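The block underneath contains the structure these notes are about, expressed in structure tokens.
The values are calculated or read from the model by the stated rules, or taken from the named source; none is laboratory data. Everything numeric here is computed off the predicted structure, so don't read it as measured data. So basically every Cβ, Gly included, is an ideal-geometry build from the backbone, and we count neighbours across all protein chains shown.
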Amino acid sequence: MKFVKPGMKIGLGTGSTANHFINALGAAVKKGLDVKCVPTSKATHALAVSLGIPLVTLEQEPYLDLTVDGADEFDSSFRLIKGGGGALLIEKIVASSSKYMVVIADQSKRVKTLGKFPLPVEVIPFGVKSTAWKIERDFKFLKMEARMTLRLKDGKPFQTDGGNCILDCACGEIKEPERLEMILNNTPGVVNNGLFIGLAGIIMMGTPKGVEEIVRK
């Protein structure tokens with residue numbers, strides 16, 4: 001709550017870590033804090049409504065002051081892998097519409113090189129297998145091998161809030177994340193991917209000794 005001020009327009013992330021912030025924000029709203037928030041998923045929307053947090057859309061408020069979200073991985077250059085919760089597309093739209101992105105994560109999410117966590121790639125449902133071999137080609141272009149798995153839920157393809165599918169790509173170390181992000185996003189069938197580059201400005205990292213604030217210079 002350190003970075004939240006009255007009158008702010010705030011993007012609300014998705015997932016268990018983001019929910020801690022949302023719950024704290026809800027308590028502050030009950031005490032009179034005046035904010036407007038944009039949720040990044042149906043689940044976040046439902047939680048915010050239950051807490052009485054005022055919600056708006058990006059159509060109503062296209063420029064946000066702050067987005068607070070979690071991360072599946074982050075490195076020393078503030079590059080992230082996100083999408084474990086399946087909301088990567090909306091999370092990226094909202095984060096990129098914000099002046100600042102604050103990431104909340106424990107120190108286990110900090111890595112020297114991205115890639116320990118499988119990279120989620122959101123694809124349209126049409127021609128998933130065709131898109132998959134093109135993605136495989138993208139990785140090979142960067143001399144990488146990726147083991148792709150179609151994400152499932154209850155035995156059926158997982159469906160994002162936008163109605164898309166997710167391919168989780170276990171690819172090992174990502175030595176050129178900027179190039180990989182660009183190449184993947186230029187592949188027909190790919191909606192977006194879980195590499196968040198140039199978006200995070202502050203990381204609140206939980207450690208056994210407390211929270212360490214890391215600021216991008």
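Against the condition more than 23 Å from residue 40 (Cβ to Cβ) and part of a loop (DSSP other than H, G, I, E, B), how does residue 172 come out, does it pass? Step through it out loud before you land on a result.
Working: more than 23 Å from residue 40 (Cβ to Cβ): yes; part of a loop (DSSP other than H, G, I, E, B): yes.
Yes; evaluated as a whole, the condition is true for this residue.
Residue 91 - would you say it is in contact (Cβ under 8 Å) with a residue 40 or more places away in the chain, outside the structural domain of residue 175 (by TED's automatic domain parsing) and farther than 28 Å from residue 168 by Cα?
Numbers: in contact (Cβ under 8 Å) with a residue 40 or more places away in the chain: yes; outside the structural domain of residue 175 (by TED's automatic domain parsing): yes; farther than 28 Å from residue 168 by Cα: no.
Spelling it out, it is not the case that residue 91 is in contact (Cβ under 8 Å) with a residue 40 or more places away in the chain, outside the structural domain of residue 175 (by TED's automatic domain parsing) and farther than 28 Å from residue 168 by Cα.
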Among the numbered criteria (1) surrounded by 19 or more Cβ atoms within 10 Å (Cβ to Cβ); (2) of a type in the set (A, V, I, L, M); (3) closer than 30 Å to residue 129 by Cβ, which single criterion is violated by residue 170? (1)
Look at segment 75-118 and say how many of its residues are assigned to a strand (DSSP E or B), β-branched (Val, Ile, Thr) and buried (at least 22 other Cβ atoms within 10 Å of the Cβ). 3
Determine which member of the set 19, 23 is closer than 26 Å to residue 118 by Cβ and in a helix (DSSP H, G or I). 19
Given the condition surrounded by 16 or more Cβ atoms within 10 Å (Cβ to Cβ) and of a type in the set (Phe, Trp, Tyr), answer yes or no: does some residue in segment 20-30 qualify? yes
Identify all residues within segment 119-149 that are in contact with an Asp or Glu (Cβ under 8 Å, 6 or more places away or on another chain) and assigned to a loop (DSSP other than H, G, I, E, B); write none if there are none. 142, 146
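Any residue at all in segment 40-53 that's in a helix (DSSP H, G or I), buried (at least 18 other Cβ atoms within 10 Å of the Cβ) and among the hydroxyl-bearing types (Ser, Thr, Tyr)? Lay out the reasoning, then the answer.
Looking only at segment 40-53, we keep the residues that are in a helix (DSSP H, G or I), and these are 42-50.
Narrowing the set further to residues that are buried (at least 18 other Cβ atoms within 10 Å of the Cβ) leaves 44-45, 47-48.
Those still in the list that are among the hydroxyl-bearing types (Ser, Thr, Tyr) too: 44.
Yes, some residue in segment 40-53 is in a helix (DSSP H, G or I), buried (at least 18 other Cβ atoms within 10 Å of the Cβ) and among the hydroxyl-bearing types (Ser, Thr, Tyr).
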